[in-house]
Structure formats: C-alpha cells, structure tokens
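Data block below; observations after.
The values are calculated or read from the model by the stated rules, or taken from the named source; none is laboratory data. This is a predicted model, so every value here is computed, not measured. When we count neighbours, we look across all protein chains shown, and the Cβ atoms used for this are built from the backbone with ideal geometry, even at glycine. Surface areas here come from the heavy atoms of the whole protein model, side chains and all, with no ligands, DNA or RNA. Shrake-Rupley method; radii C 1.70, N 1.55, O 1.52, S 1.80 Å.
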Amino acid sequence: MVRRIICVGLGGQGVLTVGKLLMEAAVDKNLQCTWTCKYGNEMRGGYSECNVIISDEKIASPYADHPDIVFLMKNDGPVVEASVERYEAAMPKDGVMYINKNALDQDVKRREDVRVVEIPTLLSCFLYKRKRRRGFPQRR
C-alpha cells in the first residue's frame, strides 16, 4: 500500500499542518512516511505545498509525481483551475481531489476516473472568523 498525497494552498491556510497531521497519523500506525514541503518567503498568502508519502514498505522517493490524493485549498478561481488541471492530469485512475468549492468553475469538464470532492472552505472560514470577532473587541 502506497498513498501519495499533495496539499496545495496559500501560506496561512494550514497546508503544511495538514501534511504534518497525515504524517503523524501514519507514524502512529507504524507506517513508513515522508513529508516534504516548498513555500514562498511570504509570511502569509504565498504559495505553499507539501508532499506526503505513506507506505507499508520503504519509500524510494519523497516526491508525489502521481498523487492519489490532492487537497487544493487555494481560493482564487483562475489559480485553482490551473492547479486542478496540473494535478488532475498527473493523478492515477481512482484518485481523489478535494477542492475549495467556492473557487471552482462548475462548467469545466473533469476526468471521470478521478473523484472530485468539493468543500465549501471559504464559507466555513468566514463563519469561523465572524464567530471569533464577536468574542473580541473590534480594532478602530
């Protein structure tokens, strides 16, 4: 069993944290795991990506050339579409792609052998921030 996972988004969205959580879960199950990342030099809002490989055997390469699972957390429509095209083309049959639903162009034709799970992440972030603001005084 080998699972190749890529998480892509912007700095501050938890891309690297998601990868680390997956890695820690794999290690807890006594599986082999690698975690690599690349990101821009911005503190928040720059490009961020991590590759996680989980296997029950030794891992030859830490880079997920053909990811089984992709998490796209970006929230800018054209940027998301470009990322979807890039990663969808590299995915094997029966791959799963989790995408920010609010940033997707619904008219674009997708591969039928890759399952796309649309997640309304912007809505949940908005509701979280709104709820959080109520508990703290507003800055002026």
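In the range 40-53, of all residues being open to solvent by less than 50 Å² (accessible area, probe 1.4 Å) and either charged (D, E, K, R) or touching a Ser or Thr at 6+ places or on another chain (Cβ under 6 Å) (or both), the one that is farthest from Asp94 (Cα to Cα) corresponds to Glu49. Pairing each residue of the range 5-30 that is over 13 Å from Tyr98 (Cβ atoms) and in a helix (DSSP H, G or I) with any residue that is modelled with pLDDT of 90 or more and open to solvent by 50 Å² or more (accessible area, probe 1.4 Å), provided the two are 6+ apart or on different chains, yields C-beta distances under 7 Å for Leu16/Cys37; Gly19/Trp35; Gly19/Cys37; Lys20/Trp35; Met23/Trp35.
On the basis of being over 13 Å from the mean Cα position of the chain (by Cα) and in contact (Cβ under 8 Å) with a residue 40 or more places away in the chain, does Ser55 make the cut?
yes
Number of residues in the range 11-39 that are modelled with pLDDT under 90, open to solvent by 50 Å² or more (accessible area, probe 1.4 Å) and within 21 Å of Tyr87 (Cα to Cα): the value is 4.
Does the range 13-42 hold any residues that are over 17 Å from the mean Cα position of the chain (by Cα) and within 17 Å of Met73 (Cβ to Cβ), and which are they? Passing the criteria: only Glu42. In the set (1) more than 20 Å from Val116 (Cβ to Cβ); (2) open to solvent by less than 10 Å² (accessible area, probe 1.4 Å), Val84 fails one condition alone, (1). Candidates in the range 97-120 are the residues that are within 16 Å of the chain's Cα centre (by Cα), at pLDDT 70 or above and open to solvent by 20 Å² or more (accessible area, probe 1.4 Å); of these, the one that is farthest from Gly45 (Cα to Cα) is Arg115. One residue alone among Glu81, Glu42 is over 26 Å from Lys20 (Cβ atoms) and modelled with pLDDT under 80, and that residue is Glu81.
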